[in-house]
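Some notes on the structure that comes next.
The values are calculated or read from the model by the stated rules, or taken from the named source; none is laboratory data. Small disclaimer: the values here were computed from a predicted structure and weren't measured. Positions of Cβ are generated from backbone atoms using ideal geometry, with glycine treated the same way; all protein chains shown enter the neighbour counts. Please note that ligands, DNA and RNA were not included when accessible areas were found on the heavy atoms of the full protein model with its side chains. Shrake-Rupley method; radii C 1.70, N 1.55, O 1.52, S 1.80 Å.
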Amino acid sequence: MFKNYIAGEWVEAEGTENINPSDTSDVVGVYSRATRENVLDAISAAKAAFASWSRSGPLQRHSVLRKAADEIMARKDELGSLLAREEGKTLPEAIGEVVRASQIFDFFAGESLRLSGEIIPSVRPGIGVEITREPVGVIGIITPWNFPIAIPAWKIAPAICYGNAIVFKPADLVPASSWAIVDILQRAGLPAGVLNLVMGKGSVVGQAILESPDVAAVTFTGSTQTGKHVAAASIEHNRRFQLEMGGKNPMVVLDDANLSIAVEAATNSAFFSTGQRCTASSRLIVTEGIHDRFVEAMTQRLSSLVVDNALKPGTHIGPVVDESQLQQDLDYIEVGQKEGARLHFGGRRLERETNGFYLEPALFTEASNDMRIAREEIFGPVAAVIRVKDYEEALAVSNDTPYGLSAGIATQSLKFATHFKQNAEAGMVMVNLPTAGVDFHVPFGGRKRSSYGPREQGRYAAEFFTTVKTSYSLA
Ligand code: NAD
């Protein structure tokens, strides 16, 4: 039984099985589900630990983050295999995500040695002004299932770097990777109470975090619906909050695009990681002149993809994460057909040697941007091609969405690429690249319904994980 970690102790609670979506007979482990009392204990422990941790020196924080980065990297194959088993992304994708987690800890280890402020002359003679950054307090971290190690890493590492204490609630479906990083961090020398792990259900564990007046800030990644709830509960406590939510990301393909670059970018954006990325593209907006060639080339590329057990060498697309997500994907495939889009490729449930949640990648053509499959986040390997006349229409369709996380364009025209970068209503823009796939040292986040609050990652993370103080003194 894998236990919760509260006030520096491993604490047992009733457990639940973590099941491998590639092979439902494989139980990854039994993980404790925290009770409301466990969460309250975790919050008290974090509050107590914050008093000294917030005053800890940069060297202590650097040492913990550095050691964690090193251990994660040294164990990348083992942790990658654990991640692939619990979430279902392919082993190379999972190992890549573990490497990313290590790089994030490494980056914030460096940042902890670069904490700085400003000294500014006052407008009043004889007075000095100092601007400093201080830790915020107890931070609630609530994460989704689709990046079981990278998203916890990009919230936990800056929280530690800037001197905060943490109550961390991973997604109920994927506790193993989170348990592993908490275990690594406590062995790396993090004092008791600074990082508390409370696994379990959103309605119990997440809710208890949101209801506590002692939680000074909540950083959340997940669905737009839960995000709205986090926002409302946080406003009640005048608490700082940050939300990273859904996407319906466009990938524009113009007549002058390099066809193979466009097809690779679209295939990666829409179908890799089983389409279960907030930055996945599910709207392929294609101009008339290249439309038929693009659809033909996509069909060939999709026919070459192997959908199978995430751990099997040669698998390109692993299973969907669980039965209910698979059902949601199949429902949307039916909705798309009823709305009049043409299911051009795939979309069937597949049987494999091991019993899992396998879905053939689905490509719709003849879709329009007002259909539900083009407006609502499906979160699976399902994409729709929307035919448009020219760049102007492509840009308008691309921006016609409630979401604004990532937007891509495939073109060889500097004029259109530049115009798109300036006019796409998204937090991240990709030219001749997949909509997913970002660096760890630069800001990450979106606009409109996709995000709320400051950006995550890179130096911009300081905006959320610190609070600014302005001090005046008479010289
Ligand atoms: P979800 O909203 O169902 O759950 C996210 C987290 O919130 C989980 O830990 C869950 O247990 C918790 N939660 C649920 N109800 C809660 C409540 N009442 N109070 C507090 N916490 C609660 O999302 P999911 O299904 O795990 O993840 C998929 C979603 O995440 C997709 O919409 C995807 O786009 C989004 N996502 C966004 C980003 C981004 O950076 N924008 C990145 C990854 C995933």
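Reported to the nearest whole Å, the Cα centre-to-centre distance from the range 83-161 to the range 357-432 is 30.
For the chain, with all protein chains in place and a probe radius of 1.4 Å, 52% of the accessible heavy-atom surface sits on carbon or sulfur. What separates the Cα centres of the range 203-268 and the range 17-68 is a distance of 21 Å. For M430, the amide hydrogen comes within under 5 Å of the amide hydrogens of A407, G408, I409, counting only partners 5 or more places away or on other chains and with H modelled in the peptide plane.
Per-residue 3J(HN,Hα) values for the range 451-463, derived from phi via the Karplus relation 6.51 cos²θ - 1.76 cosθ + 1.60 with θ = phi - 60°, read 8, 8, x, x, 5, 9, 6, x, 5, 5, 4, 4, 4 Hz in sequence order (x marks Gly and Pro).
Scaling the Cα radius of gyration of the chain by the globular reference 2.2 N^0.38 Å produces a ratio of 1.00. Using a cutoff of 8 angstrom between alpha carbon atoms and counting only pairs six or more residues apart, the relative contact order for the range 250-431 works out to 28 percent. For the range 9-141, the relative contact order works out to 23 percent when only alpha carbon pairs closer than 8 Å and six or more residues apart are counted. 3J(HN,Hα) along the range 60-67, derived from phi through the Karplus expression 6.51 cos²θ - 1.76 cosθ + 1.60 where θ = phi - 60°, amounts to 5, 5, 4, 4, 4, 5, 4, 5 Hz, with x in place of Gly and Pro.
So which GluC sites (Glu not before Pro) in the range 194-286 pass both tests, a DSSP loop state and at most 16 other Cβ atoms within 10 Å of the Cβ?
When the GluC sites (Glu not before Pro) of the range 194-286 are filtered for loop state and at most 16 Cβ neighbours within 10 Å, nothing remains.
Counting Lys and Arg as +1 and Asp and Glu as -1, what is the net charge of the other residues whose Cβ lies under 11 Å from the Cβ of R349? Net local charge, R349 excluded: -2.
Roughly what angle does helix 76-87 make with the longest principal axis of the chain, taking Cα atoms, 0 to 90 degrees, to the nearest 10? It is inclined by approximately 70 degrees. With every protein chain in place and a 1.4 angstrom probe, the accessible-area ranking of C161, C278, largest first, reads C278, C161. Taking amide H atoms as placed 1.01 Å from N in the peptide plane, the amide H of A171 lies under 5 Å from those of T143, each 5 or more residues away in sequence or on another chain.
At a probe radius of 1.4 angstrom, the accessible area of the chain per residue rounds to 39 square angstrom. Heavy-atom accessible area for K201, with the other protein chains in place and a 1.4 Å probe, reaches approximately 100 Å².
Normalised by the number of residues in the chain, the mean separation of alpha-carbon contacts (under 8 Å, six or more apart) gives a relative contact order of 18 percent.
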